1. What distance in nm lies between label points placed 7 Å from Cα along the C-beta direction at Glu15 and Leu78?
2. What does the charge count near Ala124 come to, summing +1 for each Lys or Arg and -1 for each Asp or Glu among other residues with Cβ under 9 Å from its Cβ?
3. Quick one: what does P(r) look like for segment 70-128 with 5 Å bins over all Cα pairs, in whole %?
4. Would you list Val195, Val138 from the most to the least accessible area, probe 1.4 Å?
5. Suppose accessible area is computed on protein heavy atoms with a 1.4 Å probe; arrange Lys90, Lys37 from highest to lowest.
6. What is the magnitude of the charge dipole of segment 61-198 about its Cα centre, with +1 placed on the Cβ of each Lys and Arg, -1 on the Cβ of each Asp and Glu, and no other charges, expressed in debye to the nearest 20?
7. Quote the FRET efficiency, to the nearest 0.05, computed for Leu40 versus Tyr184 with a Förster distance R0 of 22 Å and r equal to the Cβ-Cβ distance.
8. Treating the chain as a set of equal point scatterers at the Cα positions, no solvent, please give the Debye-formula log₁₀ I(q)/I(0) at q = 0.14, 0.16 Å⁻¹.
Amino acid sequence: VSSRRRFEEALDIIERQGLKREKVIALKYAGELAYEKGDLFKAKALLINAYQSGLLLAPDSALVSQAGRRLADVEFALDNLDEAMKHAQKALELAAQLGEKVEVALARRIIARVFAARGDFGEALDHIRQAVDLVRKVDDPYELGRTLLIQAQIFIMAGDEDARGIRASFEEAARLFKKLRLEYWMAESEFQAGVFAC
């Protein structure tokens, strides 16, 4: 049974039981799944629903920070940089208040991507380095691997001439994904490293 089908079944039960908080959580994860599968418009619709429902239910909660950060990722992928920055900064502010260290790191990661896309590499490098340091401290190997890949991309975009540092980011990401047995991300790390080498 597919992940999407499981989310639909969960949402059906949640709706019947009238579970508001659980509905926001389910929408958030369904939106993340749609994003990972590349269905950006569905992801955006689900995450806007999660974000707005979270604001109504508990405006200063992790429901809002987590849905907002995921929505920022989708807006960035859709090239809506202003919207991505707005949601990422709100997510960062809330996550910092709540002490959600991984979410702080992931909000900084998307903020770094927006700054890099705008050509503001000083800010981009500052945010991505903070994101890597923080996600390393909380010991989340999956998010560390993904953040290292983004760090390498930002270093390249910024014209960083430290090829060893860029290669080190790719190599560490590949090692982390190998340990986690995530073949797609291992291949992605090696692919990006190969493109850089060329």
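1. With each label placed 7 Å out from Cα toward Cβ, I get 2.2 nm.
2. -1
3. Taking every Cα pair in segment 70-128, the percentages come to 4, 24, 30, 25, 12, 3, 0.
4. Putting Val195, Val138 in descending order of accessible area: Val195, Val138.
5. I get Lys37, Lys90, largest accessible area first.
6. I would put it at about 360 debye.
7. The value I calculate is 0.75.
8. -0.83, -1.06
The values are calculated or read from the model by the stated rules, or taken from the named source; none is laboratory data. Not measured: the values here are computed from a predicted model. For neighbour counting, all protein chains shown are included, and Cβ atoms are generated from backbone atoms with ideal geometry for every residue, glycine included. All accessible areas refer to the heavy atoms of the entire protein, side chains included, with ligands and DNA or RNA removed. Shrake-Rupley method; radii C 1.70, N 1.55, O 1.52, S 1.80 Å.
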